[in-house]
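Trainee: I am attaching a structure below and will ask some questions about it afterwards.
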2 protein chains.
Amino acid sequence: MDGPAPNHECCLIKMADPLKRLISFLPILSWAPKYTRTEAQSDLVAALIVTIMLVPQSLAYAMLAGLPPQVGLYASILPLIAYALLGTSRALAVGPVAVVSLMTAAAVSQIAASGTPEYLTAAITLAFLSGIVLIAMSVLRLGFLANFLSHPVISGFITASGILIATSQLKHILGIKAEGDTLPHLVTGIYQGIGGINPYTVVVGVSATAFLFWARKRLKPLLLARGLKHRPADMIAKAGPVAAIILSIFAVVGFGLVEKGVKIVGEIPAGLPPFAFPSFDFGLWQQLLLPAVLISLVGFVESVSVAQTLAAKRRQRIVPNQELTALGASNIAAALSGGYPVTGGFARSVVNFDAGAETPLAGAFTAAGILAATVFLTPLFRFLPQAVLAATIIVAVLSLVDIAAIKRTYEYSKSDFAAMAATILTVLLVGVEAGITAGVSLSLLLFLWRTSRPHMAIVGQVPGTEHFRNVDRHQVITDPSILSIRVDESLYFANARALEDAIYDCIADQSSVKNVILLCSAVNAIDASALESLEAIAHRLDSAGVGFHLSEVKGPVMDALKRSDFMQHFKGRIFLSQFEAIKSLSPLDQRTLAKPPLPTVAGAASLNPSD
Amino acid sequence: MDGPAPNHECCLIKMADPLKRLISFLPILSWAPKYTRTEAQSDLVAALIVTIMLVPQSLAYAMLAGLPPQVGLYASILPLIAYALLGTSRALAVGPVAVVSLMTAAAVSQIAASGTPEYLTAAITLAFLSGIVLIAMSVLRLGFLANFLSHPVISGFITASGILIATSQLKHILGIKAEGDTLPHLVTGIYQGIGGINPYTVVVGVSATAFLFWARKRLKPLLLARGLKHRPADMIAKAGPVAAIILSIFAVVGFGLVEKGVKIVGEIPAGLPPFAFPSFDFGLWQQLLLPAVLISLVGFVESVSVAQTLAAKRRQRIVPNQELTALGASNIAAALSGGYPVTGGFARSVVNFDAGAETPLAGAFTAAGILAATVFLTPLFRFLPQAVLAATIIVAVLSLVDIAAIKRTYEYSKSDFAAMAATILTVLLVGVEAGITAGVSLSLLLFLWRTSRPHMAIVGQVPGTEHFRNVDRHQVITDPSILSIRVDESLYFANARALEDAIYDCIADQSSVKNVILLCSAVNAIDASALESLEAIAHRLDSAGVGFHLSEVKGPVMDALKRSDFMQHFKGRIFLSQFEAIKSLSPLDQRTLAKPPLPTVAGAASLNPSD
């Protein structure tokens, strides 16, 4: 095993100074002491914008998770404070997000019916468990696990979740009852309920959706064209959902829409978030553990991707392991204040960043803003139509759907596409947890499958250089008495036999070959199984009177070979470079430049379908 | 994706001639038409020796599987005929083997109690299912799955199974009752039963074990020293178990040992194997499917390893995919004639080969010999002590225990050792199926983990060559304005972020670096996630005013890059070789030969812990 890949965490570990160690655990200490008035102003403005955006989103995502609306607000207060203390990103905004809300609904609805106290307790417990999982991952330094979620799987997961979420909200837009966790169920439910459509709800819902789409796409350019400056135009455009909410509340009250069947949010208890306790029922923990792990992983990946993107723009760095701690603490804070699982959201963090947030204090200011809304404004939301919240969700999640990425992935790599397609189809047809599991499993299996069938090429010398390339792709110099094979993969148990077969096949009918050189420039490791295969090859070639040599063996591989008894039995030579190998094994006059390849090479040309 | 790795099956597929296709399916047609009298003589002698060896082994392994003794004989008749028709190995001898018998006992005892008709039916059904699984694997060309069982996992599995089997037989040697599937249970059972030891059984059992060990290790050298020729000496030594059986039967009858509590085999029904039907109960199939898959995989690996080893000695080849068909047919034949799962056995195949078997007809002759024994000799075995069968098993399986392999693996590779240790401990403490599953899972996870943390090296030019090696291991020429990084792994989702981190860290404080060259000689693939990382690196370096270039990109990787839009955005250059890259980017006078490395390189020296 080689040493760990380097990362900047090493630098933190190396700091012997206890103060620096404290800073690495409490990143707030790195910026709070030098906090300036200018930074405070920027942070306050950003907090105001994010608050305006977060209040309706929090209500909406709580509805998506099947929870009372105030739970969304609770989940947007203490978690922000916890992240401000512990997080390494200057701009990340944590809180309820669409995909995690959907995953919460999927997990918790297995345990209790939406609307019951048990449902709320399960959601709170899920947040608590996610917090513990994230902190455990941080302590065990398991942040690297997130790397096993490939980009196509994440992209497919988010696209499919977006489609699923948007479809699940259609019932609110249409004013019908419909249940279901999968796309076929949702569509069937809507189809069956289509007779009970409430026309008033449809008018409210469709116009809210249309307005929100317009505000998102067209309003800012329009305002800019009218001469507004960038920042006010942006703020007004971002306040679109607030306008929709205010207008719809007026419409409900003014036209008496409640009596006409338009569903409203209803009374939201005003006041501070309660102090809540998660359940410590072991049976419940067992049921929620897998969802908690998946929510933690998905949340961590979403959060870190956003944080890294934003940090890179200002040449700052985030520390993934510390992010695990911060998100863990945020989730525990959510659980203790009656909230549900949270993570760093994409849209709100970008808004926070664009609005000029300089430090995590912007998050704390946002928390204060939402706290104020929770204490003072909730009575105003009583007549807010559910259809408008659904419209907010639909507009938000459809922006996550990325169909172009599917096409791009299909063109680039069929195996990446297969993993992506499996993720999308499983999310839509089975569920979110099954989808992410299927995607990760398939992408790992396809990687293993590929490495178990390594690409191999017969190589020759590029004229005028010391460089060797595939005989089928380049015009190269070869020697009929020497077979140079490059294997393009680390040698391990899954491909050891393929190597044996390939070499035996290559030399089977080539009586002119006196030496085989295995070019190991792409062999990054040789495990015990492959070592036995190499011994078998050496033995077999030796008894056939053919020399077997290695070239360009890397340092770590050579170290491992020296630890085994391979070198004692090995009769061939190990060359520093392929050029040196050819120089010492091949008399100059036998070498020929040929294209198409020489017969000695053509016999094994089936080796090289592509390289 | 690259094309499949070549193997000789291609040759068979290419044969358009229908006769040749028939031969590839019925390998018997390739040798039967030219069968000679000399070959017949060799085959007959080999069959005689193997029959003498197989009769006691078949009875013993049936006992190990918890089945009536005649079932072992039944499993050694029709399966041999089926393999003779379809198999590609000239020397493989199929039948009941120790590890598969243990796995059968473990699987079937979950379903019924040993000795009941349901137990026998389940064992027969297991053989049938294994047959179907093997044939399905052949049709779907899934033989490659066996490659995922690494050598250390197989070796650990066989060693642990040997220890488990030997321990499970101790109760028969001691004449006590003891149950258990795991080592702790077995040891506890023996400890608790130790008071009920039957001294007569112990005398018979221990002397049989001692005699068999002696016959296996010392008898042949002794006979050779007395002037016997190789073959008769070998035959006599191999007949050791037969001698032990005959002597012990005489002892039981002569000394009236049955009355003194020595357990005997009892009456074995004489006659042809019955025509049996597997159960078609769907519930039973569900319970047996996973064991059937594991038995098929383990049996296939054992069988193919033996067959390939023996074929290589005579420069013959076996066709793994056809072996799947042959073993599948053998298991179905076993099921239809009242037997239980079979595979190619190591010891018996080596004996068959050493005794001179020339064609699979030797197997058919052996089948005839065992059929004769089944019809005529079973009454003779009535008084055979169970302790002697147990001794046969113990001596056979302890020869499979390979402690030296554990030490060798530990020294060569800690991750191979971890997989091996996990396999051994899980087999001993939990069970055979859990053991093989744990070993395979852990070896795959460790492989993924290793590839997710790729080794990277900063390289420089080896003086006087066009070759580039690690600055920390070789005295090389570098240029402070150029950073050449070699990444020793294919770039895929699990390591894409590690690459980004490493490159950012390398250039972080090195203001002298104007160009970064990523040497891709060991990069065998770049997936969609890694492509995004490369784009991110290119973008970031570009905005820092540093050039980013690639060198020695392989053909298949280049093909994939061309399919994406990477090349349109990429501002750097792609060089055929690292030497060419340096030549065109580095003014000659800036290059310096240095050891210890230059400051520009030392700053990132932590990159290279080992290479």
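The values are calculated or read from the model by the stated rules, or taken from the named source; none is laboratory data. Keep in mind that this is a model prediction, so the values were computed, not measured. Cβ sites come from the backbone with ideal geometry, for glycine too, and all protein chains shown count toward neighbours.
Trainee: Considering (1) over 30 Å from B:A502 (Cβ atoms); (2) assigned to a helix (DSSP H, G or I), say which one A:Y340 fails and leave the rest.
Mentor: It is condition (2) that A:Y340 fails.
Trainee: Also, I was wondering about something else. So which residues in region B:544-557 are touching an Asp or Glu at 6+ places or on another chain (Cβ under 9 Å) and of a type outside the set (F, W, Y)?
Mentor: Across region B:544-557, the qualifying residues are B:S551, B:K554, B:G555, B:P556, B:V557.
Trainee: Same structure, new question: Going by the structure shown, is B:G131 at pLDDT 90 or above and surrounded by 20 or more Cβ atoms within 10 Å (Cβ to Cβ)? Don't jump to the end; show me each part of the working.
Mentor: Working: at pLDDT 90 or above: yes; surrounded by 20 or more Cβ atoms within 10 Å (Cβ to Cβ): yes.
In short, yes.
Trainee: May I ask you to say which residue of A:P291, A:P341, A:P278, A:P273 is at pLDDT below 85 and either on the phi < 0 side of the Ramachandran plot or among the hydrophobic types (A, V, I, L, M, F, W, C) (or both)? Talk me through it step by step, then tell me what you get.
Mentor: Numbers: A:P291 fails: at pLDDT below 85; A:P341 fails: at pLDDT below 85; A:P278 fails: at pLDDT below 85.
Answer to the selection: A:P273.
Trainee: Residues of region A:441-456 being within 23 Å of A:L294 (Cα to Cα), facing chain B (nearest Cβ under 7 Å) and not hydrophobic (A, V, I, L, M, F, W, C), which ones?
Mentor: Scanning region A:441-456 gives a single hit, A:S443.
Trainee: Filtering region B:553-564 down to residues that are outside any helix (DSSP H, G or I) and at the interface with chain A (Cβ under 8 Å from one of its Cβ atoms), which residue is farthest from A:H467 (Cα to Cα)?
Mentor: B:S564
Trainee: If a residue counts only when it is within 22 Å of A:L585 (Cα to Cα) and at the interface with another protein chain (Cβ under 10 Å from one of its Cβ atoms), which strands (runs of 3 or more DSSP E) contained entirely in region A:467-533 have at least 1 such residues?
Mentor: Values: elements: A:468-470, A:476-478, A:482-487, A:515-519.
Of the strands (runs of 3 or more DSSP E) lying wholly inside region A:467-533, those with at least 1 residues that are within 22 Å of A:L585 (Cα to Cα) and at the interface with another protein chain (Cβ under 10 Å from one of its Cβ atoms) span A:468-470, A:482-487, A:515-519.
Trainee: Tell me, which helices (runs of 4 or more DSSP H) lie completely within region A:35-140 with 3 or more residues that are β-branched (V, I, T)?
Mentor: So the answer is A:37-64, A:98-108, A:117-139.
Trainee: Right, here's the next one. Checking the conditions here, which among A:V100, A:V94 is in the same structural domain as A:A276 (by TED's automatic domain parsing), touching a Lys or Arg at 6+ places or on another chain (Cβ under 9 Å) and modelled with pLDDT of 90 or more?
Mentor: Only one candidate qualifies: A:V94.
Trainee: Sticking with this structure for a sec: Cβ contacts < 8 Å: first residue within 19 Å of A:W285 (Cβ to Cβ), restricted to region A:113-125; second residue of a type in the set (S, T, N, Q) and assigned to a helix (DSSP H, G or I), any location; separation 6+ or different chain. Result?
Mentor: Short answer, once both residue conditions are applied: A:A123/A:T104.
Trainee: Turning to a different aspect of this structure: Going through region B:398-423 one residue at a time, which ones are among the β-branched types (V, I, T), part of a helix (DSSP H, G or I) and surrounded by fewer than 24 Cβ atoms within 10 Å (Cβ to Cβ)?
Mentor: B:I403, B:I406
Trainee: Checking the structure you have, find out if any residue of region B:286-301 is in the same structural domain as B:P360 (by TED's automatic domain parsing), within 19 Å of B:P27 (Cα to Cα) and either surrounded by fewer than 20 Cβ atoms within 10 Å (Cβ to Cβ) or not small (G, A, S) (or both).
Mentor: Yes: one or more hits.
Trainee: Quick one: which of B:S443, B:S481 is assigned by TED's automatic domain parsing to the domain that holds B:I574 and of a type outside the set (V, I, T)? Steps first, please.
Mentor: On the way: B:S443 fails: assigned by TED's automatic domain parsing to the domain that holds B:I574.
Only one candidate qualifies: B:S481.
Trainee: Got a sec? Which of B:G572, B:G545 is more than 8 Å from chain A (Cβ to nearest Cβ) and either over 28 Å from A:Q461 (Cβ atoms) or part of a helix (DSSP H, G or I) (or both)?
Mentor: Result: B:G545 is the single residue among B:G572, B:G545 that is more than 8 Å from chain A (Cβ to nearest Cβ) and either over 28 Å from A:Q461 (Cβ atoms) or part of a helix (DSSP H, G or I) (or both).
Trainee: Next question, about the same structure. Looking at B:T36, is it surrounded by fewer than 23 Cβ atoms within 10 Å (Cβ to Cβ) and hydroxyl-bearing (S, T, Y)? Spell out the reasoning first.
Mentor: On the way: surrounded by fewer than 23 Cβ atoms within 10 Å (Cβ to Cβ): yes; hydroxyl-bearing (S, T, Y): yes.
Against the criterion (surrounded by fewer than 23 Cβ atoms within 10 Å (Cβ to Cβ) and hydroxyl-bearing (S, T, Y)), B:T36 qualifies.
Trainee: Among the candidates B:I163, B:I245, B:I249, which residue alone is closer than 20 Å to B:S101 by Cα and touching a residue at least 40 places away in the same chain (Cβ under 8 Å)?
Mentor: Working: B:I245 fails: closer than 20 Å to B:S101 by Cα; B:I249 fails: closer than 20 Å to B:S101 by Cα.
Step by step, each of B:I163, B:I245, B:I249 is checked, and only B:I163 is closer than 20 Å to B:S101 by Cα and touching a residue at least 40 places away in the same chain (Cβ under 8 Å).
Yes/no matrix, rows are residues, columns are (1) crowded, with 24+ Cβ neighbours inside 10 Å; (2) within 27 Å of the chain's Cα centre (by Cα); (3) not assigned by TED's automatic domain parsing to the domain that holds B:S248:
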{"position": "B:G143", "(1), (2), (3)": "no, yes, no"}
{"position": "B:F157", "(1), (2), (3)": "yes, yes, no"}
{"position": "B:E179", "(1), (2), (3)": "no, no, no"}
{"position": "B:Y191", "(1), (2), (3)": "no, no, no"}
{"position": "B:P199", "(1), (2), (3)": "no, no, no"}
{"position": "B:A210", "(1), (2), (3)": "no, no, no"}
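Trainee: Would you be able to say whether some residue in region B:379-396 is under 30 Å from A:F148 (Cβ atoms) and assigned to a helix (DSSP H, G or I)?
Mentor: No - not one qualifying residue is present in region B:379-396.
Trainee: Okay, moving on. Could you list, in sequence order, all residues of region B:145-155 that are buried (at least 21 other Cβ atoms within 10 Å of the Cβ) and polar (S, T, N, Q)? Walk me through how you get there before you give the answer.
Mentor: Narrowing region B:145-155 to residues buried (at least 21 other Cβ atoms within 10 Å of the Cβ): B:146, B:149-155.
B:S150, B:S155, listed by residue number.
Trainee: Restricted to region A:287-322, and to residues that are charged (D, E, K, R) and closer than 18 Å to B:A496 by Cβ, which residue is nearest to the other protein chains (Cβ to nearest Cβ)?
Mentor: A:R317
Trainee: Give region A:396-440 a look and list any residue that's at the interface with chain B (Cβ under 9 Å from one of its Cβ atoms) and among the hydroxyl-bearing types (S, T, Y), or say none.
Mentor: Residues satisfying the conditions are A:T409, A:Y412, A:S413, A:S415.
Trainee: So which pairs qualify, if the first residue must be in region B:213-228 and within 16 Å of B:S399 (Cβ to Cβ) and in a helix (DSSP H, G or I), the second must be at pLDDT 85 or above and of a type outside the set (D, E, K, R), the Cβ gap must be under 8 Å, and the two must be at least 6 apart or on different chains?
Mentor: Pairs found: B:F213/B:V395; B:A215/B:A243; B:A215/B:A244; B:R216/B:V395.
Trainee: With the structure loaded, tell me whether A:P152 is under 29 Å from A:L446 (Cα atoms) and either assigned to a loop (DSSP other than H, G, I, E, B) or within 14 Å of chain B (Cβ to nearest Cβ) (or both) or whether it fails that test. Please lay out each step first, then the result.
Mentor: Working: under 29 Å from A:L446 (Cα atoms): yes; either assigned to a loop (DSSP other than H, G, I, E, B) or within 14 Å of chain B (Cβ to nearest Cβ) (or both): yes.
The answer is yes for A:P152.
Trainee: To continue, here is another question. Kindly indicate the residue of region B:533-571 that is in contact with a Gly (Cβ under 9 Å, 6 or more places away or on another chain) and crowded, with 19+ Cβ neighbours inside 10 Å and also nearest to B:C520 (Cα to Cα) among those meeting that condition.
Mentor: Kept after step one, since they are in contact with a Gly (Cβ under 9 Å, 6 or more places away or on another chain), are these residues of region B:533-571: B:538, B:541-542, B:547-550, B:571.
If we keep only those that are crowded, with 19+ Cβ neighbours inside 10 Å as well, we get B:538, B:541, B:548-550.
Working: B:A538: 15, B:L541: 18, B:F548: 13, B:H549: 10, B:L550: 7 Å.
Filtering region B:533-571 for residues that are in contact with a Gly (Cβ under 9 Å, 6 or more places away or on another chain) and crowded, with 19+ Cβ neighbours inside 10 Å, the one nearest to B:C520 (Cα to Cα) comes out as B:L550.
Trainee: In the list A:D542, A:D527, A:D505, which residue meets the criterion of being in contact (Cβ under 8 Å) with a residue 40 or more places away in the chain, among the charged types (D, E, K, R) and at negative phi?
Mentor: Result: A:D505 is the single residue among A:D542, A:D527, A:D505 that is in contact (Cβ under 8 Å) with a residue 40 or more places away in the chain, among the charged types (D, E, K, R) and at negative phi.
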